[in-house]
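The values are calculated or read from the model by the stated rules, or taken from the named source; none is laboratory data. None of these values were measured; they are calculated from a predicted model. Glycine also receives a Cβ, built like all others from the backbone with ideal geometry; neighbour counts cover every protein chain displayed.
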Amino acid sequence: MIVLLDNGHGALINGKYQTPGKRSPRWSNGTQLYEGEFNRAIVNGIIQELTELKIPYVNIAPEYRDVRLETRVKRANEYLKSNSFYLSVHANAGGGHGSEVFTSPGDTKSDKIATIFGLEYKNTFPDKKLRTDFTDGDLDKERRFYVLTRTKMPAILTENFFMDNEEECKDILMTKEGREKIVEYHINAILKVQQELF
């Protein structure tokens, strides 16, 4: 199994954020979260753990610039002949709380992977909300996101808490402990995916 890791959006280059928007408000203590930086921190943590576990992975967008979605998908699809799945990591926004797991519409292997991720999220964050949609019988939310519909292998996208929710942003997304727990949930899910589906 190869885990295809996609840290959404750009990062900071010489102190300048590469993606318009995609950031938290500036909080009263002067701090602000840039989503692309957070996404890379989580993916880098996942990479460190996967390396120690000897689980193969590919960092789809290692650059600090904002790599085009078409490029991310093209790079991922080069691994079509391998047993692989695509994991895109994000922080959410829009005034909510909790976390979500997205797949493309329809009943696919992606749904089974998303269910494992959702359950592992609840194991790691039992007191935090998992935002779900059970209308099709499973917990994932389905959207036609480019990276979910154009990749040719199972693909999921995790939205990890809300960067415009001050409590979640400052207590989870911007703390070492919070980030470590987010990495932990992803790693536990990847291990279970490997055991059960590959």
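Summary of values
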| read-out | value |
| --- | --- |
| Some residue of region 66-85 being buried (at least 20 other Cβ atoms within 10 Å of the Cβ) and of a type in the set (A, V, I, L, M) | yes |
| Number of the exception - Thr31 against (1) in contact (Cβ under 8 Å) with a residue 60 or more places away in the chain; (2) part of a helix (DSSP H, G or I) | (2) |
| Some residue of region 48-61 being within 14 Å of Asn160 (Cβ to Cβ) and either out of contact with any helix residue (DSSP H, G or I) (no Cβ under 9 Å at 6 or more places or on another chain) or modelled with pLDDT of 95 or more (or both) | no |
| One residue from Thr132, Thr108 being closer than 26 Å to Cys169 by Cβ and β-branched (Val, Ile, Thr) | Thr132 |
| Leading residue by the ranking (farthest from Met163 (Cα to Cα)) among those in region 20-35 that are in contact with a strand residue (DSSP E or B) (Cβ under 9 Å, 6 or more places away or on another chain) and basic (Lys, Arg) | Lys22 |
| Extreme residue, farthest from the chain's Cα centre (by Cα), among residues of region 1-15 that are closer than 18 Å to Leu87 by Cα and assigned to a strand (DSSP E or B) | Ile2 |
| Flag for Gly96 being in a loop (DSSP other than H, G, I, E, B) and either at pLDDT 95 or above or basic (Lys, Arg) (or both) | yes |
| Residue within region 26-47 that is of a type outside the set (Ser, Thr, Tyr), buried (at least 16 other Cβ atoms within 10 Å of the Cβ), within 16 Å of Ile156 (Cβ to Cβ) and in contact with an Asp or Glu (Cβ under 8 Å, 6 or more places away or on another chain) present | yes |
| From Glu70, Glu52, residue being over 17 Å from the mean Cα position of the chain (by Cα), closer than 19 Å to Met1 by Cα and acidic (Asp, Glu) | Glu52 |
| Qualifying residue in region 127-147 (condition: in a helix (DSSP H, G or I), modelled with pLDDT of 95 or more and more than 18 Å from Glu49 (Cβ to Cβ)) | yes |
| Filtered residue count, region 92-118, keeping only those that are touching a strand residue (DSSP E or B) at 6+ places or on another chain (Cβ under 7 Å), surrounded by 20 or more Cβ atoms within 10 Å (Cβ to Cβ) and either within 13 Å of His186 (Cβ to Cβ) or free of Cβ contacts under 8 Å to residues at least 60 places away in the same chain (or both) | 12 |
| Candidate set: region 148-176, residues that are of a type outside the set (Phe, Trp, Tyr) and part of a strand (DSSP E or B); chosen: the one surrounded by the fewest Cβ atoms within 10 Å (Cβ to Cβ) | Glu159 |
| Candidates Val89, Val58, filtered to the one that is touching a residue at least 60 places away in the same chain (Cβ under 8 Å), part of a strand (DSSP E or B) and surrounded by 15 or more Cβ atoms within 10 Å (Cβ to Cβ) | Val89 |
| Number of the condition not met by Lys81 [criteria: (1) at pLDDT 95 or above; (2) in a loop (DSSP other than H, G, I, E, B); (3) basic (Lys, Arg)] | (1) |
| Residue check, Glu120 in contact with a helix residue (DSSP H, G or I) (Cβ under 6 Å, 6 or more places away or on another chain) and under 21 Å from Glu177 (Cα atoms) | yes |
